[in-house]
Structure formats: structure tokens, C-alpha cells
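Below is one structure; the comments refer to it alone.
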Amino acid sequence: MTRKIFRSILAVVIPVLLISFLVITCWMYNYFGTIQEEQLRDELNLAAAAVNNIGEDYLQAVSEKSDGDHYRLTWIGADGTVLLDTEADAGEMENHSNREEIQEALIYGTGSSSRHSSTLMEKTLYEAKKLDDGTVLRISVSHAAIAGLVLGLVAPILVIAVLAAVLAAFLAKRMAKRVVEPLNELNLEQPLENDTYEELSPLLHRIHAQHQQISEQLHVLRQKTDEFDQITGSMKEGLVLLDRKGMVLTMNPAAKELFAVGAVSSGMDFMTIDRRHDMNAAIEKAMRTGHSEIRAVRNGREYQFDISRIESDGAAAGAVLLAFDVTEQANAEKNRREFSANVSHELKTPLQSIIGSAELLGSGLVKKEDVPRFIGHIRTEASRLVTLVDDIIRLSQLDEGGEMKKEECSLHSVAAEVISALEPMASEKHVTVSLEGDQGRIHGVSRLFHEILINLCENAIKYNVDGGTVKVTIADREKETVLTVADSGIGIAPEHHSRVFERFYRVDKSHSRQSGGTGLGLSIVKHAVLYHQGKISLQSKEGKGTVVEVVLPRQ
Ligand code: ADP
């Protein structure tokens, strides 16, 4: 700014200075020129009068006295020959008849002219007058020409110009400081509160309007960001936004947890967060083709990653990555596949046995006395099939999770019914079954409570020892009812504890088969308990017995 002001001052001062000098010089030159011409004319008249009166002697006297720094007088004959000159030898001077002032004087009586020297630095003024005898007297004087004058003024002008530049620099600095100081102190946060130059008012009003616009836009932007954060923050799915270079723009809490990233994730290269090749290849594919999907395991859980390209102005601007936890879905798919395979296998075994026995009977190779044994075998296998199909149907119903009719039930009454139904089985094994505790009043599906009790009690009798005991206890607590079925049977080794609830899992396959087990009983129990938002746990020691505890919320 200082430089600009400095240049502006100089741009004004220097031309003004030069023009002033030129104008004044020209004016003064003309002014003094006119005065000098008049003086010259007066001198000529005096000299002419003297020559008319005294004659050549006057000129001789002037010539002798002349010191060369005053007027010069030249006497010229009517034919132009120089008769006498106060400064030079007349004989050596050329004919003057062609000189302008001489010609004028010869014609009009007086004449004048001026001539510049060859360098234009000097100017000579001539005045001529025709004398009485027809000769012409000429007076001349030389002085510096205007060019010489101007040239002579160059040095002072330069000095003044330098002084002007110094002064301009000083003034520019001061002016810039004075102009800029209030500008630097402007409070742009509150533009209208500033009391500076009036000329700044439109600018300050514009800044104020822009402030308002920006703060409104910021408010909207903040609102949108909050909405986005709230939506993505409450999402179960992981969400990651990447820019074109694969740098993280944003990551929701679910994604941070999934990729085990700390609080700050923005600006990080996603390749440093998830280094797996399949993920990078999927992101690259999405950037290229628009979309890609992969399934991958992270932190022991299975995820479906959907990656889509984000476009802006027809070019890839980044990508959005959505991570869905599909562990349950994958497990369910796996279970379904295993279940189908198991069901086929479980159905095939008794069917093959039935077909084998039937074929033998049909071939007539079976002895008459063995026929009842074969028929009994077919009946046993057939009823095993019925039990199996019944269990599969029950499980399928529970899997479907449809609404079932709920009512007020008494676990005690259901248990009493079950125990009485299992009485023949218990007495066959000499197992004593007892029931004690509270009423176990609970709101739920009576049929499922029946399933729970019959399967648990059946197992407790089935896997018991001869003369063993089964204790069914029901305890009503404030918010839940606890059902315990404890037996003194063969028990379960620790490694099987968690697996006995799996479908078709049996600790001892032959024992289970012998006693008509399908391997589905505890799965049905578990599902029925979960249907009521309850919990089931098992404690067992080999050779000591098993305690199964079911906790059911009363509502
Ligand atoms: P199953 O129809 O074979 O009895 P379950 O699902 O009811 O099938 O039980 C799974 C397995 O758990 C059984 O095969 C058995 O080995 C074991 N089991 C269940 N209950 C008991 C128990 N009270 N005592 C010992 N083992 C048991």
C-alpha cells in the first residue's frame, strides 16, 4: 500500500513539477525577451541619432570602448556591405543584404529578426534602422535560447525531483499507516459496530450480510451433520465413507468398533485400518464398477460388506461401505443345512431297518417263530420314526416363531401330569420321581411348558441308574419362576455340557437310541425356554447326576 501511495504521489508531483517549470520558464523567457527587444530598440534609436549627428566617429568610439559583453553595433551600406562593426573586422564580414532585418529596414525603415546559433543554445536578437544617408544601423545582442535555459534548469529540477521523491516516500509511509491502522483494527465479527471511514460502510454492510448468510448456512449444516451423526450413530450396521483416494471421511461408532479404530478415524487411509486383500480388492472394484460385495469374518463374527461408489459430476468421488453383521443368519443357514442332513440321516436309519425286516418277511425266509420279533422290530422303528417326525415338527414350529396362545398356567400342575404320565417308565427303571415347591404360576404357552417338563423328566429317568431318584422343584420368586430337575443318573462329561442342546447331539448314541431318544429333546426345551425369554443352564457330574435349571420370567 505504501508503495502504491508513493507511486501515486510521484505520478502527480513529478509531471506537475515539470509542467510548472516549463510554463514558468517559457513565460519568463517571453517576458524578458519582450523587455530586451524594447531596450534594444531604444539603444538603436539612440545610436542611430548619434550616427546621424556625429557620423562614423561615434561608431568608432563605441567600437573602441566595447568590451564584448554588451550590444553589438553593425553599420551596413545600402548595398549590404558591412561598413563597420563594433566587435569584428568589417572587411572580413560577408555582405548582409540578404539578412531579414536589413531587408526590412531598407524597405520599411526599421527591421527586426532573431536567429538561433547552430547548437540552438544561444539566440541573437537583431534590430535595424535605416539612417538618413540610406545606410542601415543594426544592433544585436545574444542571450541564452529557451533550450539552453531549460537545459540549465535540468540540474535544479533533478534535485527538486529527488527531494519530492523523498518527501513522497515519507508521506506515503505516514499516509499508509494512518489509512491502514483503522482497517487493521476493524472488528469483522461485528462489522456494523465499527466507526471508521464512511466509505467503508457499504463494505461493512456486505460483510455483515455475508456473516449472517454464513451463520445461517452453518446452522443448517450443523443440523444436517447432527442428523447424520444421530442416524449413523444409532445404526447397528457399520458405515464408512471414503474419499476417492480411500481416505476415511467418516466412520460411525458401529464401524469403529468393528474395525477396532480409536476415536479419531477421519483422514486415515482405510488400507491401514483393514489391511486384508479381499477388502481392498472389493473397494477397488466398487470404485471401478460402481458396486461390490464381500462376506468376511472380523472379530470372530461374519459380516456382509456392501460397497458402493459415490459419484459427483459423473466421476468417482469416493465410496460408501456398509457392514452388516450376518453371523446369526450364517449360523442359522449352517444349522439349517446341518439339520436337513441330520434329519435325512436320522429318518433313513429306521426306514432302512423297517425295509430290511419287511423284505426278509416278504421273502418267506424268516422262520415262523421269528416273525413276531421282526414285526415288533418294525413297530419299534416305526414308532421311533413317529417320535422323530413329531419332534421335528415341534422344532420347526418353534423355529418359525409364530404367535402361540398364552394363558395363566401352573407349572406344578403340568409337572404332576407329566410325572404321572411317565410313571410306567419310572417304575420300570425303579426310579423315584418327586415333586415339591411352589405353584409356579406363570403366564405362557401351556403346551411348551409341557414340552419342557416332559423332555427334562424323561431324560432324568432315561439317563438314571436303577433305583435312582428324580427331584422336580418349583420355586416362585418375585419376577421369575425357577424350575429344577435334578437326577442321580449317569451324568454328562464337562466337554458335552454346551453341546447337549444342539440338534441331534447325543453323548452316547447307542444309549440314546436304545431308550428311544431322538437327540432333539433338549433342543426343543431350549427353544421353548427362549420363547418365554427364559434361561436354561445345566450342571452335571459323570456318575453323580445332572441338574437342569430353567428360569422363566413370570410375565
Ligand atoms: P435324546 O433324545 O437323545 O435324549 P436330548 O436332546 O434330550 O436327546 O439329550 C441330548 C443328550 O444329552 C442325550 O443323548 C444324552 O446323552 C444327554 N442327556 C440329556 N439329559 C441327560 C441327563 N439327565 N443325564 C445324562 N445325560 C443326559
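Tabulated data for the structure shown
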| read-out | value |
| --- | --- |
| Pair list, Cβ under 7 Å, 6 or more apart: segment 238-263 residue in contact (Cβ under 8 Å) with a residue 60 or more places away in the chain, other residue open to solvent by 20 Å² or more (accessible area, probe 1.4 Å) and part of a loop (DSSP other than H, G, I, E, B) | LEU249/SER266; ALA254/MET235; ALA254/LYS236; ALA254/GLU237; LEU258/ASN299 |
| Criterion violated by ASP42 - all others in (1) exposed (fewer than 13 other Cβ atoms within 10 Å of the Cβ); (2) modelled with pLDDT under 90 satisfied | (2) |
| Hits in segment 251-277 - residues which are in a helix (DSSP H, G or I) and farther than 14 Å from LEU241 by Cα | GLU257, LEU258, THR272, HIS277 |
| Conditions (1) β-branched (Val, Ile, Thr); (2) open to solvent by less than 90 Å² (accessible area, probe 1.4 Å); (3) in a helix (DSSP H, G or I); (4) without any contact (Cβ under 8 Å) to a residue 24 or more places away in the chain: number failed by THR196 | (3) |
| Meets criteria (open to solvent by 70 Å² or more (accessible area, probe 1.4 Å) and in the same structural domain as TRP75 (by TED's automatic domain parsing)) for VAL16 | yes |
| Qualifying residues in segment 237-266 (those that are open to solvent by 60 Å² or more (accessible area, probe 1.4 Å) and small (Gly, Ala, Ser)) - the one nearest to ALA315 (Cα to Cα) | SER266 |
| Inter-residue pairs, beta-carbon under 6 Å, first in the same structural domain as LYS123 (by TED's automatic domain parsing) and under 16 Å from TYR29 (Cβ atoms) and in segment 143-164, second of a type in the set (D, E, K, R) and at pLDDT 80 or above, 6+ apart | ALA145/GLU122; ALA145/LYS123 |
| Segment 108-140: number of residues that are buried (at least 18 other Cβ atoms within 10 Å of the Cβ) and assigned to a strand (DSSP E or B) | 14 |
| Failed condition for GLU549, given (1) at pLDDT below 95; (2) more than 10 Å from the ligand (Cβ to nearest atom) | (1) |
| Residues of segment 511-537 classified as farther than 24 Å from ARG337 by Cα and either small (Gly, Ala, Ser) or open to solvent by 30 Å² or more (accessible area, probe 1.4 Å) (or both), total | 9 |
| Hey, VAL550 under 21 Å from ALA426 (Cβ atoms), open to solvent by less than 10 Å² (accessible area, probe 1.4 Å) and under 55 Å from the mean Cα position of the chain (by Cα) or not | yes |
| In segment 514-546, the residues that are touching a Leu at 6+ places or on another chain (Cβ under 9 Å) and over 30 Å from MET404 (Cα atoms) | THR546 |
| Every residue from segment 69-85 that is among the hydrophobic types (A, V, I, L, M, F, W, C) and crowded, with 19+ Cβ neighbours inside 10 Å | LEU73, TRP75, ILE76, VAL82, LEU84 |
| Selected residue (only one of ALA11, ALA88, ALA105, ALA48 is surrounded by fewer than 17 Cβ atoms within 10 Å (Cβ to Cβ) and in a helix (DSSP H, G or I)) | ALA11 |
| Flag if LEU59 is assigned to a strand (DSSP E or B) and surrounded by 11 or more Cβ atoms within 10 Å (Cβ to Cβ) | no |
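Yes/no per residue for (1) in contact (Cβ under 8 Å) with a residue 60 or more places away in the chain; (2) among the aromatic types (Phe, Trp, Tyr); (3) within 9 Å of the ligand (Cβ to nearest atom):
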{"position": "CYS457", "(1), (2), (3)": "no, no, no"}
{"position": "ALA460", "(1), (2), (3)": "yes, no, yes"}
{"position": "LYS479", "(1), (2), (3)": "yes, no, no"}
{"position": "PRO494", "(1), (2), (3)": "no, no, no"}
{"position": "TYR505", "(1), (2), (3)": "no, yes, yes"}
{"position": "SER512", "(1), (2), (3)": "no, no, yes"}
{"position": "VAL525", "(1), (2), (3)": "yes, no, yes"}
{"position": "LYS541", "(1), (2), (3)": "no, no, no"}
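The values are calculated or read from the model by the stated rules, or taken from the named source; none is laboratory data. In this text the structure is predicted, and so the values were computed from the model without any measurement. Methodologically, a virtual Cβ is constructed for each residue, glycine included, from the backbone with ideal geometry; neighbour enumeration extends over all protein chains shown. Ligands, DNA and RNA are stripped out before the accessible areas are found, and what is left, the full protein with its side chains, is counted by its heavy atoms. Shrake-Rupley method; radii C 1.70, N 1.55, O 1.52, S 1.80 Å.
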